[in-house]
Structure formats: structure tokens, C-alpha cells
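Reviewing the structure listed below.
The values are calculated or read from the model by the stated rules, or taken from the named source; none is laboratory data. Quantities reported herein were computed from a predicted structural model and do not represent experimental measurements. Glycine gets a Cβ as well: all are built from the backbone with ideal geometry, and neighbour counts include every protein chain shown.
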Amino acid sequence: MKETIKLIKPILLEGKNVSELEYDFDEITPALFAEAEAMKNKQVGSARFQGGATGTMELDYSFHLYLGMAAIIAINPLYTFEDMLQIKGKDVYTLMKVGRLFMTPSEELPEDSSEEQSETTAESSTMPAMSFGSEASEDF
């Protein structure tokens, strides 16, 4: 779904000052995802920081920044990561939040899976306790 970032400081793209950038998470491909990670690692310049200080992508704010860029590039193929490096100030934080949203699990579930999940939960919470004696191994 297309969304728009409104920049506080416009950037120069294709000879024009741009103050709004459209993005779409649904258009990020595996190649673009990997390129975002590679660009983040290139900019950081140290293997020590690859994967973030915690070692998890979900908490790697620099990676989130590049994922935000990837979401923009995904629907604006004439833009590059280098173009996005013009973004400054509070706009950097805004772009990082866009990438963080991509990494955050959605609380919304597709209509089909909500009933299936509650059925699974109901079954698993009412399962009888198993005995691990000789009788239990014969059941398997």
C-alpha cells in the first residue's frame, strides 16, 4: 500500500526539489532487501556493526533507515540509495521509522487466519497431559 513521507528539507532528485516521497513496503523484493542491508553495511564500514549492536535486524536502526530507502526505491525505480543519502536532519529519523515499520509484525491478521488461530489455540490449551511412561511410547 502506497504511503507518503513529507520531508522537512527537500532533496534534489532528477533536477527537481522534492519534498514528498512515496513508498510501498509491498514492493520490496528480496534483492532490494539484500541491497538495503549491503548499503547499510557499506555506510557503516565496519563488520563490528553488521547486524546492529544487538545482532538482530528488528533492533538495527541503521538497517531500518536503508529499508525505508528501499521502500521508496521500490516504487521509484529512477531513484537510488545514493539519492536517498541526501536526506538530512529529522527526515532521517522519519525515514528510519518507515523502515522500522517494515520490520515490525503487523497486529492485523488476514481474515482467513484469525479463526484458524483461535481454533489452534483452543485445541492446544485443552490437550490432555501426556504420560512419558512405557504406554506413551506405544501410542507413537
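So, Glu14, is that one touching a Leu at 6+ places or on another chain (Cβ under 8 Å), loosely packed, with under 14 Cβ neighbours inside 10 Å, at pLDDT 95 or above and more than 18 Å from Thr104 (Cα to Cα) or not? No: the conditions fail for Glu14. Among residues of region 63-90 that are touching a residue at least 60 places away in the same chain (Cβ under 8 Å), those with a Cβ under 7 angstrom from a residue that is buried (at least 18 other Cβ atoms within 10 Å of the Cβ) and in a loop (DSSP other than H, G, I, E, B), sequence gap 6+ or separate chain, pair up as Ile72/Tyr79. Considering Lys90, Lys42, Lys2, the condition of being out of contact with any Asp or Glu (no Cβ under 9 Å at 6 or more places or on another chain), modelled with pLDDT under 95 and loosely packed, with under 14 Cβ neighbours inside 10 Å is satisfied by Lys42 alone. For region 69-81, the candidate set comprises residues that are over 12 Å from Glu35 (Cα atoms) and modelled with pLDDT of 95 or more; within that set, the residue that is surrounded by the most Cβ atoms within 10 Å (Cβ to Cβ) is Ile72.
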